[in-house]
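I have placed the structure first, in the form of structure tokens, so that the comments after it can refer back to it.
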Amino acid sequence: MNDAAEALASGQNERRSTRPGSATRSAIARRSGALVLAGAIALGGCATNQESGTLVGALGGAAVGAAVAGGSPERRIVGALIGAAAGGFAGSLIGKRLDEADRQRAEAAAQKAIAEREAAAAREQQQRNAQIEAQLRAEQAKARTPQDRAAAESRALEARQRVAQQGPNNSAPPVTWTGNARGSAQAIGPTQVAGRDGCEQVREIAVIQGQEVRQTATFCRDPSTGSRVRV
């Protein structure tokens, strides 16, 4: 009887070890852990000094996100990465004092503020280029020789290049949000961060239980998605 039980147990173990896809799922799980760790290292490597708790919050958010997602390794890694993004804000000066719903409102306001500043900047650049073109047409109309027209075109080209190089630096109006707390986000212009592109600064204000809290956050473009993330 014992021999039969041992044989049955051995057969079950063998079937479990050879179940289709088990090796693949294990490999995915290992990659999931590596990617979450890599994300945490990246956050630490590019973090600004806006709040030392940001990295801790990101790591905690990754763990919570993975646990909440549960299920397959694919779902767990998605949950971990989403949790890391939310946790990064949760560790900031304002984020750690807000509940989850207000953190989402504040994050949405910051993203909207950046989008609105970019839209305003694009309109400003179009207006400046339109003025350059109008000036070029006026000068060409007055030109008497090919040399005069060539000189006008050269001046217009230089003006366009200056517009492209300088870029607009104007800030946009604040975007407000209201929940259990209330606050605003205002994109105040581009900034430089080593090893990062397309970085913008956002001035964030929150009034929490009657106390005003301020911070300046930095968002840089994620090369893999094109969206801006906190750094």
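Structure summary
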item	result
Distant-in-sequence amide H partners of Arg182 (H built 1.01 Å from N, under 5 Å)	Val207
Distribution of pairwise C-alpha distances over segment 128-189, 10 Å bins, in %	20, 28, 18, 14, 12, 6, 2
5 angstrom amide H check on Thr191, placed H, neighbours 5+ away	Cys199, Glu200, Gln201
Residue-normalised accessible area of segment 118-164, given per residue in Å² at a 1.4 Å probe	72 Å²
Estimated vicinal HN-Hα couplings, Hz - segment 206-218 in sequence order (Karplus 6.51, -1.76, 1.60; Gly, Pro = x)	9, 10, 10, 6, x, 9, 8, 10, 10, 7, 10, 9, 10
For segment 144-161, 3J(HN,Hα) per residue [Karplus equation, 6.51 cos²θ - 1.76 cosθ + 1.60, θ = phi - 60°, Hz, x = Gly/Pro]	10, 9, x, 5, 5, 5, 5, 5, 5, 5, 5, 5, 5, 4, 4, 5, 4, 5
Stretch gain in nm, segment Gln161-Ser224, where the contour uses 0.36 nm per residue and the Cα spacing is subtracted	19.8 nm
Karplus-derived 3J(HN,Hα), 6.51/-1.76/1.60, for each residue of segment 102-113, Hz, glycine and proline x	6, 4, 5, 5, 5, 5, 5, 5, 5, 5, 5, 4
FRET efficiency, Gln147 to Arg214 (Cβ-Cβ, R0 41 Å, nearest 0.05)	0.10
For Asp222, distant residues with modelled amide H under 5 Å away	Ser227, Arg228, Val229
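The values are calculated or read from the model by the stated rules, or taken from the named source; none is laboratory data. Quick caveat: nothing in here was measured; it's all calculated off a predicted structure. Glycine gets a Cβ as well: all are built from the backbone with ideal geometry, and neighbour counts include every protein chain shown. With ligands, DNA and RNA removed, areas are computed over all heavy atoms of the protein, side chains included. Shrake-Rupley method; radii C 1.70, N 1.55, O 1.52, S 1.80 Å.
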